[in-house]
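The structure under discussion appears below in the form of structure tokens.
The values are calculated or read from the model by the stated rules, or taken from the named source; none is laboratory data. A quick note: this is a predicted structure, and the numbers were derived from the prediction, not measured. All Cβ positions, even for glycine, are placed from backbone atoms using ideal geometry, and neighbour counts span all protein chains on display.
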Amino acid sequence: MRAITSFAALERLGRQRLSRHFHMRDFLMSEIASFHAIPNIPDDPALALAAGRGLCRNLLDPLVETFGPLTLRSAFRSARVNGFGNAHGLNCSRNEASFANHIWDRRDDAGGMGATACISIAWFADQYDRGRDWRDLAWWLHDHLPYSEIFFHPVRAAFNLTWHEMPRRSISSYIAPRGKLLAAGAEPGEPPDVRRRRYADFPPLGEIAYPPVPCP
């Protein structure tokens, strides 16, 4: 897809389907972009779409089909939006650290493609607000999804969920106990049976039934 140089091109970009449940338009909202009037538009639409499809098909669709609709807090950021956020203390990492992360349309320094969305799962967030341990969800995600990185935040147990074509498999958190729950390449500190007991009441993966797409 060519660079976005008109409203019509931006509209076409937004209509691009990433997966069964998501379109590109779902990920273009940014409070930084809206408030400071900075276009949140990819410089490389084709790469942004490819990375977004990896995120949605491998991670977000399975979550929707297990827990229902997700709340998207932050997802795609253009390099310009992310750079502005970093320079003004708006919770954005420097651009180089955000390539193949929130900046979907740039590869990282190893040449890898990736995409991040910060999401909240209402079914779990309501329990977390009543005191449930965020690690119950963290270990469910680890045991069920091909994620690259997960980073939890204190409000509503929202978490950055990253898909990457060369996954790191690390989990971190700003919620106590803060820091690394799982370092990249490491084995979980809790054995499988202990992890499974944490999320024994979770719904089965992908059990929400959606109408089948008719064959042509």
From Asn101, Asn91, residue being at pLDDT below 95 and either within 17 Å of Ser30 (Cα to Cα) or in a helix (DSSP H, G or I) (or both): Asn91
Among (1) in a loop (DSSP other than H, G, I, E, B); (2) over 21 Å from Val64 (Cβ atoms); (3) of a type in the set (A, V, I, L, M), the one test that Val213 misses: (2)
Any strands (runs of 3 or more DSSP E) falling wholly within the stretch 155-200 and containing at least 2 residues that are touching a residue at least 12 places away in the same chain (Cβ under 8 Å) and either surrounded by fewer than 19 Cβ atoms within 10 Å (Cβ to Cβ) or of a type in the set (Gly, Ala, Ser) (or both): 170-173
Among (1) surrounded by fewer than 17 Cβ atoms within 10 Å (Cβ to Cβ); (2) under 22 Å from Met1 (Cβ atoms); (3) over 14 Å from the mean Cα position of the chain (by Cα) - the single one Ala33 does not satisfy: (1)
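Yes/no matrix, rows are residues, columns are (1) aromatic (Phe, Trp, Tyr); (2) touching a helix residue (DSSP H, G or I) at 6+ places or on another chain (Cβ under 8 Å); (3) surrounded by fewer than 18 Cβ atoms within 10 Å (Cβ to Cβ):
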| site | (1), (2), (3) |
| --- | --- |
| Arg2 | no, yes, yes |
| Ala9 | no, no, yes |
| Arg20 | no, yes, yes |
| Ala48 | no, yes, no |
| Gly54 | no, no, no |
Pair list, Cβ under 6 Å, 6 or more apart: the stretch 132-147 residue buried (at least 19 other Cβ atoms within 10 Å of the Cβ), other residue basic (Lys, Arg): Asp136/Arg198; Trp139/Arg195; Trp139/Arg198
Which numbered condition Phe151 fails, given (1) within 11 Å of the chain's Cα centre (by Cα); (2) surrounded by fewer than 20 Cβ atoms within 10 Å (Cβ to Cβ); (3) not in a strand (DSSP E or B): (3)
Unique match (being in a loop (DSSP other than H, G, I, E, B) and not acidic (Asp, Glu)) among Arg106, Arg135: Arg106
Verdict on Asn40 being surrounded by 14 or more Cβ atoms within 10 Å (Cβ to Cβ), of a type in the set (S, T, N, Q) and in a helix (DSSP H, G or I): no
Residue in the stretch 101-112 that is among the polar types (S, T, N, Q), farther than 22 Å from Gln16 by Cβ and buried (at least 16 other Cβ atoms within 10 Å of the Cβ) present: no
Within the stretch 43-73, considering residues that are part of a loop (DSSP other than H, G, I, E, B) and out of contact with any strand residue (DSSP E or B) (no Cβ under 9 Å at 6 or more places or on another chain), the one nearest to Ile119 (Cα to Cα): Pro69
Any hit, the stretch 13-26, residues being aliphatic (A, V, I, L, M) and in contact with a Pro (Cβ under 9 Å, 6 or more places away or on another chain): yes
Counted residues, the stretch 131-174 - those being within 19 Å of Asn91 (Cα to Cα) and among the aromatic types (Phe, Trp, Tyr): 4
